2 protein chains.
Amino acid sequence: MVAMTRFDTATEVTPAGDGTYTADLDPGYLIGSAMNGGYLMAVLQRAALAESPHPHAVSSSFHFLRPGTAGPARVHTEVLKTGRTVATVRATAHQDAGPVVTGTIATARLDAGAAPAYEAPAPGIAPMAECRVYDPRAGAGAPDGFVHRVRQHYTPDTWDRLRGRAADPAPELLGHVELSPDDGGPCADPALFLPLAVDALPPVISVFDSWRWAPTVELTWHMRAVPVPGPLTFHARAGLVSDNWFDETVDLWDTKGRLVAQSRQLARAGR
Amino acid sequence: MVAMTRFDTATEVTPAGDGTYTADLDPGYLIGSAMNGGYLMAVLQRAALAESPHPHAVSSSFHFLRPGTAGPARVHTEVLKTGRTVATVRATAHQDAGPVVTGTIATARLDAGAAPAYEAPAPGIAPMAECRVYDPRAGAGAPDGFVHRVRQHYTPDTWDRLRGRAADPAPELLGHVELSPDDGGPCADPALFLPLAVDALPPVISVFDSWRWAPTVELTWHMRAVPVPGPLTFHARAGLVSDNWFDETVDLWDTKGRLVAQSRQLARAGR
């Protein structure tokens, strides 16, 4: 029996009939005045899985329509396809101002014992003991700030980059990420943390400048293996920053070294 | 005045009122008995752009629900957001069997003159003159087959891989892709070709085996710059093949060397 963590409680959805759910968005997951996108995706994932016969969100694409605020939200779901291998569910979060984020989520069952037939080489990433906890975002370190929800451990090189001390400010972040021990530690099902983990880091373009708001327009992530409990190792990088748009690609590995999630988002560079 | 190519005609949508469009899916874009996914995305993109005040599909995510067949289709659109910077449109193609593919498309206006603030190094790719035209897919080389729609020019190493002659069968394909001269050459607007180009190649896992069907479950692509007319240079690769799932990431550059599109799909490895 695993005790309920703040993450478990904060992402709960309650059925309200006809495929609709209610949620209460937890102000602890705010970045400034807007809900963290990863947290919103974790809430929508729970509603989508409740509507599916399959246990894993294998491919989830989200479009962010307006900032989410703390407090009540309604999640509307629609089952688009129910197949033996894949079932696809659309889930959209609404608040008083209108739709906040809409996700289309393909669900299936991954085999926890599967061995990769091919895997691209992973970058070398320093172990957590050599990393430093840090969060450059405004308010993140406040008494109930985001860093108390999700703890990010940066490798020494990455920490230098985020502090503006690197000779080479490449938009690349390496380290480890976990639900904070302040909130009770790991959640009941490690797979439910994945959508938050792929969008919990400060924008990768923070290495060029001090932190600034960078609204996500679209984020798609794929679950590739069933994670074992424990911190996740991350590799985040940008391919192109141009015309105030940038992409951010994030890979996550579990403590067994398995690639468990791949995400990519397109975002606006704030001013 | 640019003459209409087969691609221009084959991706046309006709307004039928209330945000609905009709289309006639061209059997020339079949792969075996199913419509090519890139072609379907190109059709949905035209309907989405017709509903948007902005000219470019900057971020488009598609879930493939069932195979498309040649012949009539209806496209239903829904405007999710109309902003000054971004407008988001959902477009779903329906045939008699039900919904075929649903896309959520964020539109905006990219600055054709923008210079990148940061760009990751691109791989070296042999020029088209050193490449070979090839398509391993069943029926692709037939008199009216897919290779007469989209011409793929593979680098010598890639050609060896696809022919099963490489010592290192890495799932990586390099080369150049263009609308075939057989169909009239480049289309009127090079940006409209991008969704077809990101999904026109044989599955990257074809290097491990002979070609086999690999249905796409989800594909998201981002338009990153306005392409100049001409062939596109591609780099396709997989990060993980496991449990009969694989990812395929494709980057495209125009003849000026600008990164114009980034895509990633999650697909099933056929049996």
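When a 1.4 Å probe is rolled over the protein heavy atoms, the share of accessible surface on the protein assembly as shown that falls to carbon and sulfur comes to 52 percent.
Here's the picture: charge each Lys and Arg Cβ at +1 and each Asp and Glu Cβ at -1 in chain A, and of A:T216, A:F146, A:M4 the one pushed furthest to the positive end of that dipole is A:T216.
B:C187 sits with roughly 10 Å² accessible to a 1.4 Å probe, with DNA, RNA and ligands left out of the calculation.
Distance from the C-alpha centroid of segment B:199-238 to that of segment B:112-179: 9 Å, rounded to the whole angstrom.
Here the 3J(HN,Hα) profile of segment A:188-193, calculated from phi with Karplus coefficients 6.51, -1.76 and 1.60 at θ = phi - 60°, is 4, 10, x, 5, 6, 7 Hz, Gly and Pro shown as x. Computed from label points 7 Å out along Cα-Cβ, the spacing between B:T20 and A:R132 is 6.2 nm.
When the residues A:V89, B:V226 are ordered by accessible surface, computed with a 1.4 Å probe over the protein chains alone, the sequence from largest down reads B:V226, A:V89. Each residue of segment B:196-201 was assigned a 3J(HN,Hα) from its phi angle through the Karplus curve 6.51 cos²θ - 1.76 cosθ + 1.60 (θ = phi - 60°); the sequence is 5, 5, 6, 10, 9, 7 Hz, with glycine and proline shown as x.
Taken per residue, the accessible surface of segment A:171-262 reaches 26 Å², heavy atoms only and a 1.4 Å probe. Each 5 Å bin, from zero up to the one with the longest distance, holds this percent of the alpha carbon pairs of segment A:208-255: 5, 14, 21, 24, 15, 12, 8, 2.
Per residue, how many Å² of accessible area does segment B:55-167 show with a 1.4 Å probe?
Here the per-residue accessible area is 45 Å².
Counting only protein heavy atoms and using a 1.4 Å probe, the accessible area of A:H54 comes to about 30 Å². Chains B and A together bury roughly 4200 Å² of accessible area, counting both sides, with a 1.4 Å probe on protein heavy atoms only.
Taking 16 Å as the straight-line reach from the Cα of A:K256, the aspartates and glutamates in range (excluding those fewer than 8 positions away in the same chain) are A:D111, A:E119, A:E178. Look at the dipole of segment A:1-150 built from charges on Cβ: of A:A87, A:Y134, A:G38, the Cα furthest out on the positive end belongs to A:A87.
Placing a label point 7 Å from the Cα of B:R163 along the Cα-to-Cβ direction, the distances to the matching points in the other copies come to 5.5 nm, shortest first. Here the average projected area of the convex hull drawn through the C-alpha atoms of chain A stands at 14.6 nm². The simple Förster model, with R0 at 30 Å and r as the Cβ-Cβ distance, assigns A:D168 and B:K256 a FRET efficiency of 0.70. Per-residue ellipticity at 222 nm from helix content only, as computed over the protein assembly as shown with -39500 (n - 2.57) for each DSSP H run of at least four residues, stands at -3500 deg cm²/dmol. Largest accessible area first, the listed residues B:E218, A:E119 line up as A:E119, B:E218 when surface is computed with a 1.4 Å probe on the assembled protein chains.
Residues of segment A:225-271 that lose at least 40 Å² of accessible area (1.4 Å probe, protein heavy atoms only) when the other protein chains are present, relative to their chain alone, are A:G239, A:L240, A:V241, A:S242, A:D243, A:W245, A:Q262, A:R264, A:L266. Taking θ as phi - 60° and the Karplus parameters 6.51, -1.76 and 1.60, the scalar couplings of segment B:146-160 work out to 4, 5, 7, 8, 10, 9, 10, 10, 9, 5, x, 4, 5, 4, 4 Hz in sequence order, x denoting glycine and proline. If R0 is 41 Å, the Cβ-Cβ spacing of B:D189 and A:D157 corresponds to a FRET efficiency of close to 0.45.
In nanometers and ordered shortest first, the copy-to-copy spacing of the A:G17 label point, defined 7 Å from Cα toward Cβ, is 3.5. Would you work out the relative contact order for segment B:1-143, in percent, from Cα pairs under 8 angstrom that are 6 or more residues apart? Rounded, it is 22 percent for segment B:1-143. Evaluated with a Cβ-only charge set (Lys, Arg +1; Asp, Glu -1), the protein assembly as shown carries a dipole of roughly 20 debye about its Cα centre, given to the nearest 20. Under the simplified labelling scheme, the B:E119-B:T9 pair shows an inter-label distance of 3.7 nm, with each label point 7 Å from Cα along Cα→Cβ. Each copy carries a label point for A:P72 at 7 Å from Cα toward Cβ; from one copy, the others' points are 4.6 nm away, ordered from shortest. Normalised by residue count, the protein assembly as shown yields a Cα convex hull volume of 152 Å³ per residue. For chain B, the relative contact order works out to 18 percent when only alpha carbon pairs closer than 8 Å and six or more residues apart are counted. Summarising the amide proton neighbourhood of B:W245: residues at separation of 5 or more, or on other chains, whose placed amide H is nearer than 5 Å comprise B:A269.
The values are calculated or read from the model by the stated rules, or taken from the named source; none is laboratory data. Just so you know, these numbers come straight off a predicted model, no measurement behind them. Virtual Cβ from ideal backbone geometry, glycine too; neighbours counted across all protein chains shown. Ligands, DNA and RNA are stripped out before the accessible areas are found, and what is left, the full protein with its side chains, is counted by its heavy atoms. Shrake-Rupley method; radii C 1.70, N 1.55, O 1.52, S 1.80 Å.
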